Amino acid sequence: MWSAVEAVRDGDAQAVVSCGNTGALMAVSMIRLRKLPGVNRPAIACLWPSKSKDGFNIMLDVGADIKADATDLLQYALMGGSYARNGLDRQRPRIGLLNVGTEEHKGRAEIKEAFDLIEAAAPAADLEFVGFVEGGDIPSDNVDVVVTDGFTGNIALKTGEGTASFIRDALRDSFKATPLSRVAALLALGSLKRLTKRIDPRRVNGGVFLGLNGTVVKSHGSADATGVASAIGLAIRLTENHLTDRIAARLATTTEAVQSEMSSDDTSEDAS
């Protein structure tokens, strides 16, 4: 793992794909690659099967750090938006902030503060902030990027993967129950294959470490050949689109624009 990350740092490789321990990979990546300027906490972003046209949404953080304050959530929104733009070709990504309800008065103090920060930064970052979203919106076509802390995101991710496996196994058992159900399974074989493929976690295997000076993709430790191939393919796409450079540029320009806007607002208040 150390050697693979060093290869990226030294320019001998353009991306790292690892099935190793997430915490160890993040620690090594932060030590050897370092964080991008202005990033407090890197985040792990995952692709989530959804009703969108290309079949995926992005959610972050899903486990890099269980804590996230308002500024961290703003940075996640900016990095996730850049990922959506360059990884999924969403020209003006829609950003949603995960909360226990869509009403503005709901949620913890840092969530409410993050709402204001993301709303203010969205125009400069060419993002559409849709506001608070709930768990049911994660696989919907109402949003492109779902922003949350690593604790909540990791639980949601593992719950989604477990639910997909449960549905797949339940369908298999149901269609094997009786001779008649076996005949029905043969008649529905094409539809079942499409459904199984759509909810197959292996197709979206690979969490991307955003906020580092290099492309790092974390694969599930139990991934089979299909899952590892998906993670490698994702790393290739992100490298070809120069995602790290684009995120760094987006963070720099947006931060400058937001700070300038805040300074002008302070000046206006002082003058009044």
Exercise. In the range 30-49, how many residues are touching a helix residue (DSSP H, G or I) at 6+ places or on another chain (Cβ under 8 Å) and over 24 Å from VAL145 (Cα atoms)?
Worked result: 2
Problem set entry | Residue list for the range 59-78, restricted to those being touching a strand residue (DSSP E or B) at 6+ places or on another chain (Cβ under 7 Å) and assigned to a helix (DSSP H, G or I) | LEU73, TYR76, ALA77
Problem set entry | Residues of the range 56-97 classified as hydrophobic (A, V, I, L, M, F, W, C) and farther than 20 Å from ARG41 by Cβ, total | 2
Exercise. Does the range 97-115 include one or more residues that are outside any strand (DSSP E or B), surrounded by fewer than 18 Cβ atoms within 10 Å (Cβ to Cβ) and within 17 Å of the chain's Cα centre (by Cα)?
Worked result: no
Exercise. If we keep just the residues of the range 48-96 that are basic (Lys, Arg) and surrounded by fewer than 18 Cβ atoms within 10 Å (Cβ to Cβ), which is modelled with the lowest pLDDT?
Worked result: LYS53
Exercise. Of all the residues that make up the range 14-54, how many are touching an Asp or Glu at 6+ places or on another chain (Cβ under 9 Å) and closer than 17 Å to SER230 by Cβ?
Worked result: 5
For this session: Taking only the range 155-187 into account, find how many residues are farther than 23 Å from ASP54 by Cα and of a type outside the set (Phe, Trp, Tyr).
Result: 19
Exercise. Cβ-Cβ below 9 Å, separation at least six or inter-chain, first residue in the range 126-155 and closer than 17 Å to TYR83 by Cα, second surrounded by fewer than 18 Cβ atoms within 10 Å (Cβ to Cβ) and polar (S, T, N, Q): which pairs?
Worked result: ASP126/GLN91
For this session: Please state which of the following conditions PRO123 fails to meet, knowing it meets all the rest: (1) over 17 Å from the mean Cα position of the chain (by Cα); (2) within 21 Å of ILE247 (Cα to Cα); (3) touching a residue at least 24 places away in the same chain (Cβ under 8 Å).
Result: (3)
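The values are calculated or read from the model by the stated rules, or taken from the named source; none is laboratory data. Quick caveat, the model's predicted, so the values are computed rather than measured. So basically every Cβ, Gly included, is an ideal-geometry build from the backbone, and we count neighbours across all protein chains shown.
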